[in-house]
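Structure, as structure tokens:
The values are calculated or read from the model by the stated rules, or taken from the named source; none is laboratory data. Predicted, not measured: the structure shown is a model, and the values here were computed from it. Reconstructed Cβ throughout: ideal geometry from the backbone, glycine too, with neighbour counts over all protein chains shown. The area values use the complete protein model at the heavy-atom level, side chains included, leaving out ligands, DNA and RNA. Shrake-Rupley method; radii C 1.70, N 1.55, O 1.52, S 1.80 Å.
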Amino acid sequence: MNNLTTLGEFIVDKQKDFPGSSGEFSSLLSGIRLASKIVSQQVNKAGLLSHIVGGAGSENIQGEQQQKLDVIANDQFIKALTARNVVCGIASEENDDFIKINETGRYIVAMDPLDGSSNIDVNVSIGTIFSIYKRKTPVGTPVENEDFLQPGTEQLAAGYIIYGSSTMLVYTTGFGVNGFTFDPGIGVFVLSHPNMKFPDSGKIYSMNEGNFLRSSKGVQDYINYAKTIDEETNRPYTARYIGSLVADFHRNLIKGGIYIYPSTTNAPLGKLRLLYECNPLAFIAEQAGGAASDGKKRIMEVTPTGLHQRVPYFTGNSAMVEKAEAFIAAE
Ligand code: AHM
Ligand code: MG
């Protein structure tokens, strides 16, 4: 026997901390685990299967070309979450409106089934992001918009799956962050990164600097600060930008760094979506000792007004996020 802890065992073990729990929440997490294994397999053979590479010929609500794998991942997660009978509604980046499922379900899920989709066809890391809330409306009634428009502070759990050099599932239920690496030989996620924390200091900054001149003076000042030579504070920082939020976030969580997608002159609210990109990673960041901000205030305290609402985003090591906020406040 070995002493590997699988994700399945971990979920069951954590359920014991909630005596009397119905197991529905564990069942929901198991649904996500199953869908992520299927999507991981599809992602790994994307280059071989011409029918899943390239555009699907359709656009999502944001007017972006949907990739075939986006659609495949969306379908897989919806199927897995529907089958468990514990979810009453899903909001997805790929669906204009929320999807109503089982009225007797107590939970809602907001998700980006395949983030960083411009990287699919070029074999670069992509990810899935999810966020779980308890519904606001009574069990037994149809799910409503208000069930989804809850601030991030109300999240019960959040996580991401990174399809990279290996597939990893990282999640939190508000008691720290744990990471599981998929072993394709035996088909299970194994606890490989227990109790993940940002290193005390970071020196990576991740921003699409093509947007530099379109960014506010505060953001430009921070980026110039990041590039300034100063041995005492370990600068210049290192620039790393993949263009897949999950992958950039994951690297910065492990190595220490800040991810920035600011407001720009042509996108005043930035690019990233509050409900299924920013809030879940904010929950993980805070649980790992980091921070997430819109440049002025804590992301998780923003009151959502729309399913696909965008928000400027700064997340990573707390000290780095605070420094960026200070430059913005001073502009
Ligand atoms: P997507 O959900 O359409 O994939 O867009 C989100 C992605 C993030 O993963 C990434 O950080 C960002 O968009 C990159 O945007 P840009 O190409 O403007 O730098
Ligand atoms: Mg996305």
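Could you tell me which numbered condition K136 fails, if it satisfies all but one of (1) over 15 Å from L34 (Cα atoms); (2) crowded, with 17+ Cβ neighbours inside 10 Å; (3) more than 13 Å from the chain's Cα centre (by Cα); (4) modelled with pLDDT of 95 or more?
(2)
Is there a residue in the range 191-198 that is on the phi > 0 side of the Ramachandran plot, surrounded by 14 or more Cβ atoms within 10 Å (Cβ to Cβ) and more than 16 Å from ligand 1 (Cβ to nearest atom)?
Within the range 191-198, none of the residues are on the phi > 0 side of the Ramachandran plot, surrounded by 14 or more Cβ atoms within 10 Å (Cβ to Cβ) and more than 16 Å from ligand 1 (Cβ to nearest atom).
Identify the single condition in (1) open to solvent by 50 Å² or more (accessible area, probe 1.4 Å); (2) under 20 Å from S40 (Cβ atoms); (3) out of contact with any helix residue (DSSP H, G or I) (no Cβ under 9 Å at 6 or more places or on another chain) that P184 does not satisfy, given that it satisfies every other one.
(3)
Suppose we filter D112, D70, D75, D147 for residues that are of a type in the set (D, E), open to solvent by 10 Å² or more (accessible area, probe 1.4 Å) and either modelled with pLDDT of 95 or more or under 19 Å from the mean Cα position of the chain (by Cα) (or both); which single one remains?
Unique residue meeting the criteria: D75.
Can you name every residue in the range 265-301 that is away from ligand 2 (no atom under 13 Å from the Cβ), open to solvent by 10 Å² or more (accessible area, probe 1.4 Å) and without any contact (Cβ under 8 Å) to a residue 60 or more places away in the chain?
T265, N266, A267, P268, L269, E286, A291, D294, K296, K297, R298
Among the residues of the range 302-331, how many are assigned to a loop (DSSP other than H, G, I, E, B), buried (at least 16 other Cβ atoms within 10 Å of the Cβ) and more than 18 Å from the chain's Cα centre (by Cα)?
Qualifying residue count, the range 302-331: 0.
Restricting attention to the range 70-96, which residues are in a helix (DSSP H, G or I) and either farther than 23 Å from S26 by Cβ or not aliphatic (A, V, I, L, M) (or both)?
D70, V71, I72, N74, D75, Q76, F77, K79, T82, listed by residue number.
Mind telling me which of the residues R235, R251 ends up being away from ligand 1 (no atom under 16 Å from the Cβ), not assigned by TED's automatic domain parsing to the domain that holds A91 and not hydrophobic (A, V, I, L, M, F, W, C)?
R235
Which pairs have Cβ atoms under 6 Å, sit 6 or more apart or on different chains, and link a residue in the range 97-118 that is farther than 16 Å from L28 by Cα to one that is more than 7 Å from ligand 1 (Cβ to nearest atom) and of a type in the set (F, W, Y)?
Pairs that qualify, where the first residue is farther than 16 Å from L28 by Cα and the partner is more than 7 Å from ligand 1 (Cβ to nearest atom) and of a type in the set (F, W, Y), are F98/F148; D112/Y276.
Out of the range 122-133, which residues are more than 16 Å from ligand 2 (Cβ to nearest atom) and open to solvent by 10 Å² or more (accessible area, probe 1.4 Å)?
Hits for the range 122-133 are V122, N123.
Do you know which of the residues in the range 85-109 that are away from ligand 2 (no atom under 16 Å from the Cβ) and polar (S, T, N, Q) is surrounded by the fewest Cβ atoms within 10 Å (Cβ to Cβ)? First the steps, then the outcome.
Filtering the range 85-109 down to residues away from ligand 2 (no atom under 16 Å from the Cβ) leaves 85-89, 97-108.
After this cut, where a residue has to be polar (S, T, N, Q) as well, the list is 85, 102, 104.
Details: N85: 15, N102: 18, T104: 11.
Across the range 85-109, the extreme among qualifying residues is T104.
Just give me the residues in the range 98-118 being within 16 Å of ligand 1 (Cβ to nearest atom) and in contact with a helix residue (DSSP H, G or I) (Cβ under 8 Å, 6 or more places away or on another chain), in sequence order.
Those that are within 16 Å of ligand 1 (Cβ to nearest atom) and in contact with a helix residue (DSSP H, G or I) (Cβ under 8 Å, 6 or more places away or on another chain): A110, M111, D112, P113, L114, D115, G116, S117.
Quick check on the range 216-231: of everything there that is free of Cβ contacts under 8 Å to residues at least 60 places away in the same chain and farther than 20 Å from K255 by Cβ, which residue is nearest to the chain's Cα centre (by Cα)?
Restricting to residues being free of Cβ contacts under 8 Å to residues at least 60 places away in the same chain and farther than 20 Å from K255 by Cβ, the top hit is Q220.
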